[in-house]
Amino acid sequence: MLLLLKSQKTINGNSNIYFLKISSKDKSKTELYDLLDLETTYNLSKGDVINLRNKSYSANLEEDFKTFYFEIVGRMFISDDDNENNGGVMTLVIEPYFVK
């Protein structure tokens, strides 16, 4: 199964930037979604479902994953020496979610 991974960084204490990345054996899919990002003031967490319906990539997501809904199924905190990532980076693991 393909997993969509994203990292979070708080900017000026106001919003979170989530950088989306697909981890896939198919390198072309990994490269296709490598530049996606999502800015929100909402703190996404395990159990949340994201509807990625951005016109620039939703058709591809629906073709590749048969959905553009993804559920956050796990969280991993990455401690890092880089001052730019003050406080570390939270990586969320997302799987395709099928609305019932």
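Annotations for the structure displayed:
- Taken over the stretch 45-66, the criterion of being within 16 Å of Val93 (Cβ to Cβ) and hydroxyl-bearing (Ser, Thr, Tyr) is satisfied by Ser45 alone.
- Flag if Asp80 is at pLDDT 70 or above and either in contact with a Gly (Cβ under 7 Å, 6 or more places away or on another chain) or buried (at least 17 other Cβ atoms within 10 Å of the Cβ) (or both): no
- In this structure, Glu71 qualifies as surrounded by 11 or more Cβ atoms within 10 Å (Cβ to Cβ), closer than 14 Å to Val93 by Cβ, of a type in the set (Asp, Glu) and modelled with pLDDT of 70 or more.
- Subset of the stretch 41-60 (residues that are assigned to a loop (DSSP other than H, G, I, E, B) and modelled with pLDDT of 85 or more): Lys46, Gly47, Asp48
The values are calculated or read from the model by the stated rules, or taken from the named source; none is laboratory data. Quantities reported herein were computed from a predicted structural model and do not represent experimental measurements. Positions of Cβ are generated from backbone atoms using ideal geometry, with glycine treated the same way; all protein chains shown enter the neighbour counts.
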